[in-house]
Amino acid sequence: MPRIPVHTVDSAPAPGGETLRRLEKRFGRVLNIHGGMAHSPVVLATYAAMSTAIAEHGTFDARTREAIALAVGAVDACAYCQSAHTVSARAAGFTEEQTVAIRRGERGDDPKLDALVQVAREVAGEVGEASDAAWDEAASQGWTDTQLTEVFAHVAVNLYTNYFNHYVRTELDVPAAPGLDG
């Protein structure tokens with residue numbers, strides 16, 4: 001059961017209204033996560049600033065961003081983010097089966113992407129740590145120091161949303177991600 005109601009653009013506190021309006025335009029509607037964040041303009045503005053920084057300065061394509069998000073969401077057991085990013089990952093070209101495999105931590109047919117996702121998975125699950133083995137494997141697959149550093153921003157924004165969803169118990173308003181059993 002959600003702890004807070006979801007704001008609309010019209011009901012959001014004034015400082016967050018414009019940010020919520022921009023997110024509504026980007027996503028086609030106010031998602032429950034954003035409407036929940038709108039209760040506190042600083043929470044919504046922080047999310048928007050992180051997302052904007054990644055959009056403006058990040059180097060990863062949509063597939064890479066979504067693979068990281070799926071992995072972090074799975075590590076954090078965030079049903080909302082796993083579901084939302086399954087939809088986004090499908091739009092970025094992944095099959096449903098590939099999204100499940102990424103969430104399970106299984107290697108796919110792209111060793112370079114797998115290596116980077118493993119770094120993200122470890123950072124999320126090991127309180128900011130990544131093993132030398134994972135880092136070295138990603139570097140040997142061709143990821144640069146700049147890109148390995150950028151992973152941290154992607155993990156951070158996904159931790160932010162995952163934890164927020166746990167904290168306020170965001171109600172799912174996107175199709176549920178397939179289960180990991182089987």
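Taking L148 and the conditions (1) at pLDDT 95 or above; (2) farther than 27 Å from M37 by Cα; (3) in contact with an Asp or Glu (Cβ under 7 Å, 6 or more places away or on another chain); (4) not acidic (D, E), which numbered condition does it fall short on, given that it satisfies the others?
That leaves (3) as the condition not met.
Quick grid of which residues meet (1) modelled with pLDDT of 95 or more; (2) of a type outside the set (S, T, Y); (3) closer than 17 Å to A74 by Cβ; (4) within 17 Å of the chain's Cα centre (by Cα):
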{"site": "E97", "(1), (2), (3), (4)": "yes, yes, yes, no"}
{"site": "E106", "(1), (2), (3), (4)": "yes, yes, yes, no"}
{"site": "P111", "(1), (2), (3), (4)": "yes, yes, no, no"}
{"site": "V117", "(1), (2), (3), (4)": "yes, yes, yes, yes"}
{"site": "E122", "(1), (2), (3), (4)": "yes, yes, yes, yes"}
{"site": "Q141", "(1), (2), (3), (4)": "yes, yes, no, no"}
{"site": "V157", "(1), (2), (3), (4)": "yes, yes, yes, yes"}
{"site": "N162", "(1), (2), (3), (4)": "yes, yes, yes, yes"}
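Filter the stretch 89-113 for residues that are free of Cβ contacts under 8 Å to residues at least 24 places away in the same chain, surrounded by 15 or more Cβ atoms within 10 Å (Cβ to Cβ) and not in a loop (DSSP other than H, G, I, E, B) and give the result.
Selection gives R90, Q98, A101.
If the Cβ limit is 6 Å and pairs must be 6+ apart or interchain, which residue in the stretch 40-64 that is more than 28 Å from G108 (Cβ to Cβ) pairs with which residue that is assigned to a helix (DSSP H, G or I) and open to solvent by 40 Å² or more (accessible area, probe 1.4 Å)?
Short answer, once both residue conditions are applied: P41/P15.
Evaluate the following for A48: is it over 30 Å from A115 (Cβ atoms) and within 14 Å of the chain's Cα centre (by Cα)? I'd like the intermediate steps shown before the answer.
Numbers: over 30 Å from A115 (Cβ atoms): yes; within 14 Å of the chain's Cα centre (by Cα): yes.
Yes.
From T161, T146, T86, grab the single residue that is open to solvent by 60 Å² or more (accessible area, probe 1.4 Å), within 20 Å of S51 (Cα to Cα) and in a helix (DSSP H, G or I).
Working: T161 fails: open to solvent by 60 Å² or more (accessible area, probe 1.4 Å); T86 fails: open to solvent by 60 Å² or more (accessible area, probe 1.4 Å).
Among T161, T146, T86, only T146 is open to solvent by 60 Å² or more (accessible area, probe 1.4 Å), within 20 Å of S51 (Cα to Cα) and in a helix (DSSP H, G or I).
Restricting attention to the stretch 43-64, which residues are outside any helix (DSSP H, G or I) and either open to solvent by less than 40 Å² (accessible area, probe 1.4 Å) or among the hydrophobic types (A, V, I, L, M, F, W, C) (or both)? Break it down into steps so the answer makes sense when it comes.
Narrowing the stretch 43-64 to residues outside any helix (DSSP H, G or I): 58-61.
Passing the criteria: G58, F60.
Would the stretch 25-39 turn up any residue that is assigned to a helix (DSSP H, G or I), open to solvent by 10 Å² or more (accessible area, probe 1.4 Å) and farther than 30 Å from T146 by Cβ?
Yes, the stretch 25-39 contains at least one residue that is assigned to a helix (DSSP H, G or I), open to solvent by 10 Å² or more (accessible area, probe 1.4 Å) and farther than 30 Å from T146 by Cβ.
Among the residues of the stretch 19-39, is any among the basic types (K, R) and closer than 25 Å to A139 by Cβ? Can you show your working first?
Filtering the stretch 19-39 for residues among the basic types (K, R) gives 21-22, 25-26, 29.
Now narrow it down to the ones that are closer than 25 Å to A139 by Cβ: none.
So far as the stretch 19-39 goes, no, none of its residues is among the basic types (K, R) and closer than 25 Å to A139 by Cβ.
The values are calculated or read from the model by the stated rules, or taken from the named source; none is laboratory data. Please read all numbers here as calculations on a predicted model, not as lab measurements. Using ideal geometry, Cβ is built from the backbone for each residue, glycine included, and neighbour counts are taken over all protein chains shown. Each accessible area value is taken on the protein alone, full model and side chains, heavy atoms only, with ligands, DNA and RNA left out. Shrake-Rupley method; radii C 1.70, N 1.55, O 1.52, S 1.80 Å.
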